[in-house]
Amino acid sequence: MSQSIEERLFMIRYKAAEQSHLIIKDQDTCLHCKTKECNFFCPADVYDWHPDEKKTSVAFENCIECGTCRLACPDYNIEWVYPTGGHGITYKLG
Amino acid sequence: MTVSHTSLRSGMGILAEERFDAIVVGAGPAGSAAAYTMATAGLKVALIERGEFPGAKNIFGGVLYRKQLEDLIPEWWKEAPLERAVIEQRMWILGKESAVTFSHRNERYKEPPNAWTGLRVKFDQWLASKAEKAGAVPIYETVVTELIRENGRVVGVRTDRDQGDLYGDLVVLADGVNSLLGKSLGVHKEWAPDEVSLAVKEVIALPKEKLQDRFNLEDNEGCTIEFIGDTFGMAGLGFMYTNQDTISLGVGVMVNDLKKKRIKPYEVLDAVKQHPSIRRMIQGGEVKEYSGHLIPEGGFTSMPPLSGDGWMICGDAAQMVNAVHREGTNLAVASGKMAGETAVLAHQRGDYSIKTLGEYDRNVKESFIHNDLKKYRGIHGLFKEMNSDTLFGNLPQALNDAAYEWLLVDGVFKKEKQKKAIRTLRNAAGGNIDLLRLGIKGWRAING
Ligand SMILES: Cc1cc2nc3c(=O)[nH]c(=O)nc-3n(C[C@H](O)[C@H](O)[C@H](O)COP(=O)(O)OP(=O)(O)OC[C@H]3O[C@@H](n4cnc5c(N)ncnc54)[C@H](O)[C@@H]3O)c2cc1C
Ligand code: SF4
Ligand code: SF4
């Protein structure tokens, strides 16, 4: 009965804003970040480190707006705001 | 809601020219309770929410309690959308493939009712609709991006709409655990990872009859189960609550532990779903929704000052959660109500400075919010000092091992068994002294 994260996120209605509400402040900080823990603690797999491109990608349209990454990135390297009003996730049960 | 709501949306430009007696940011339980209280007293209130509707962004376990909402709206449960009336509460201490359990079931929880299970999308919409009917002006799909200040006093809010500045005599911050506004005001700093936990949850559908049989329920009766252990040695708590024809299953872990363990939150949930005690309860069910949210865990020591010139802060935004008793919505409602009442007083006096708004701080201090959180103020320190692996991994497992040995009839003398059980627990805690220390610290932590 356990599903992939894609299947799980598919159950949440999402209205994508044009711009990402999550911004990596400095990719160089990610390059030197030893733990890259955003790749783990995010409940929606938003962040992914790409060694070849030396870059953290941000799948902001997966974000369930919990706020964890804002306070859990050891370098506070994520600029975090809410999606614009009415955008982002809408739960149907809650 | 829909008609006025749409016209207001397009009318934001006009609205902006109006002044409000009070502006509430966030239509969760705290914000809606504040808005309801003020609107009922005749104040002109704006209720701002970033979601498409109140509740759109919100999840909880969740259990709703009668008392604090009753103080706001008598017999509210007769009209609110609820799931089941909680008559049984269970606590499971999980081992790898075992459980030691405690529970209390009582018919007296029916009359007067004590608590219900619920789902936030429906519930938050209902509570906000009460505020709207009392006259609060709903402004949804709108993010408050900034507080407008003049001479150190909060005088309004800036929103992400065109011409989206709103002015009011005071602003109630009920913007939830992330509370970007509380931070912008400098009321509190960014929460440290050990001041919040991250919970992920699934709502799992099951035919009603099956659900009732599995949880030993009739009609509208409900059951809650909390569990510790089986969280990969992270400080955390799981929950499994019965709704009408769904089960709310989730697990929350401290963010500082989550950072250390490098485990994905939904993998913790996956593991829990495999536990024999839980697997059987949800077997054959269909997952309807996945969700995640932070929970304030700092408690008493993390609570910021609650008011200043032109503002008051309530609910999760002020860390008002009693994690030991999984109470949050009721603290939110009670604080929202107290903030609302203070706003009414300020309106009468025409004084919106901290002199009058400080009344809210004082009232919270005398209430169960301050007192209950104070009682448990040691918990945060206990978790900080103790290794989570010990408290949430080894000890629950040792208790299960001890129970196993104790009940196993294998000819070993009972005296031997008792010795072995004690040894198992002592080793799990790291020795005699540590077990004793843990006992004393634990006692102190819950007896403030
Ligand atoms: C998994 C989990 C289980 C829980 N279980 C229970 C339980 O069983 N019983 C219980 O009593 N409590 C429980 N709680 C705690 C409870 O949910 C909270 O304490 C309660 O919801 C706090 O209410 P609030 O109004 O302060 O904040 P919230 O409910 O978070 O409401 C804040 C609102 O403000 C809006 N908002 C935020 N910022 C802005 C902005 N800038 N502009 C506009 N709108 C904004 C948000 O969208 C949201 O609607 C649980 C919490 C979680 C996460
Ligand atoms: S944890 Fe922070 S610094 Fe490290 S990779 Fe992720 S975003 Fe970059
Ligand atoms: S807010 Fe939560 S879901 Fe969104 S990116 Fe950050 S950690 Fe992931």
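Okay, here's what the table says:
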read-out	value
Of B:LYS337/B:LYS441; B:LYS375/B:LYS414; A:LYS36/B:LYS122; B:LYS96/B:LYS414; B:LYS122/B:LYS261, pairs whose Cα-Cα distance is over 29 Å	B:LYS337/B:LYS441; B:LYS375/B:LYS414; A:LYS36/B:LYS122; B:LYS122/B:LYS261
11 Å cut-off, amide nitrogen to a point 7 angstrom out along B:GLN283 Cα→Cβ, residues in segment B:85-116	none
Å² of accessible area per residue within segment A:5-91, as computed with a 1.4 Å probe and no ligands counted	48
Distance in nm between pseudo-label sites at B:GLU70 and B:TRP406 (7 Å out along the Cβ direction from Cα)	3.6
B:TRP76 accessible area, assembled protein chains, probe 1.4 Å, Å²	0
Relative contact order (%) - segment B:196-296, alpha-carbon pairs under 8 angstrom, separation at least six	44
Å² per residue, accessible surface of chain B at 1.4 Å	41
Mean Cα-pair separation over length for chain B, i.e. relative contact order, pairs under 8 Å, 6 or more apart, %	20
Antiparallel %, DSSP beta bridges [both residues in the protein assembly as shown], to 5	75
Among B:ALA429, B:ALA41, B:ALA192: highest mean-square fluctuation, GNM of chain B, C-alpha pairs under 10 Å	B:ALA192
Size of the A/B contact, given as accessible area buried on both chains, probe 1.4 Å, in Å²	4000
Mean ellipticity per residue at 222 nm, deg cm²/dmol - from DSSP H runs of n ≥ 4 across the protein assembly as shown, formula -39500 (n - 2.57)	-10500 deg cm²/dmol
Relative counts (whole %) of C-alpha pair distances in segment B:210-326, using bins that are 10 Å wide	11, 36, 30, 17, 5, 1
Percent breakdown of C-alpha pair distances by 10 Å bin, ordered from the shortest bin, for the protein assembly as shown	4, 18, 28, 27, 16, 6, 2, 0, 0
Equivalent ellipsoid dimensions for chain B as semi-axes, Å, which come from the Cα gyration tensor, largest first	42, 24, 19
Qualifying GluC sites (Glu not before Pro) for segment B:344-448 [loop in DSSP, other Cβ within 10 Å: at most 11]	none
Kirkwood hydrodynamic radius (C-alpha pairs) into Stokes-Einstein, segment B:36-150, 37 °C and 0.692 mPa s, D in µm²/s	196
Residues in segment B:26-47 that a label on B:GLN348 would reach, taking backbone N under 19 Å of a point 7 Å out along Cα→Cβ	B:34-45
Chain B, accessible surface, carbon-and-sulfur percent (1.4 angstrom probe)	52
Segment B:359-416-segment B:72-146 distance, computed between alpha-carbon centres (Å)	25
Interface residues, segment B:115-133 - accessible area loss of 40 Å² or more versus chain alone, probe 1.4 Å	B:VAL121
Gained length - B:ARG153 relative to B:ILE433, 0.36 nm times residue gap less alpha-carbon distance	95.4 nm
Residue-count net charge about B:GLN319 - beta-carbon cut-off 10 Å; Lys, Arg +1, Asp, Glu -1	-3
Segments B:245-255, B:153-163, A:23-33 sorted - mean Cβ within 10 Å per residue, highest first	B:245-255, B:153-163, A:23-33
Most fluctuating residue given options B:LEU306, B:LEU294, B:LEU185, as computed from a GNM of chain B linking Cα atoms under 10 Å	B:LEU185
Inter-probe distance in nm under a simple model that places probes 7 Å from Cα toward Cβ, at A:LYS25 and A:SER4	3.5
Positions from segment A:78-94 whose accessible area shrinks by 50 Å² or more when the full protein complex is built, not the chain alone, probe 1.4 Å	A:TYR82, A:GLY85, A:GLY86, A:TYR91, A:LEU93, A:GLY94
Radius 9 Å from Cβ of B:GLU297, net charge of other residues (Lys, Arg +1; Asp, Glu -1)	-2
Residues in segment A:69-85 reached by a label modelled at A:ASN39 [backbone nitrogen below 19 Å; 7 Å Cα→Cβ]	A:69-70, A:72-78
Where GluC sites (Glu not before Pro) in DSSP loops with at most 12 other Cβ within 10 Å are excluded, longest remaining stretch of chain A	A:54-94
Binned Cα-Cα distance frequencies in segment B:379-446 - 5 Å width, integer %	3, 17, 23, 22, 15, 10, 6, 3, 1
Label-point separation, B:LYS374 to B:HIS325 (7 Å along Cα→Cβ), nm	1.5
Modelled FRET efficiency - R0 51 Å, B:GLU107 with A:HIS50, Cβ distances, 0.05 increments	0.30
Relative contact order %, chain A, counting alpha carbon pairs below 8 Å whose residues are six or more apart	39
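The values are calculated or read from the model by the stated rules, or taken from the named source; none is laboratory data. From a predicted model like this one, the values you see are computed outputs, not experimental measurements. All Cβ positions, glycine included, derive from the backbone under ideal geometry; neighbour counts span all protein chains shown. Heavy atoms of the whole protein, side chains included, go into the accessibility calculation; ligands, DNA and RNA do not. Shrake-Rupley method; radii C 1.70, N 1.55, O 1.52, S 1.80 Å.
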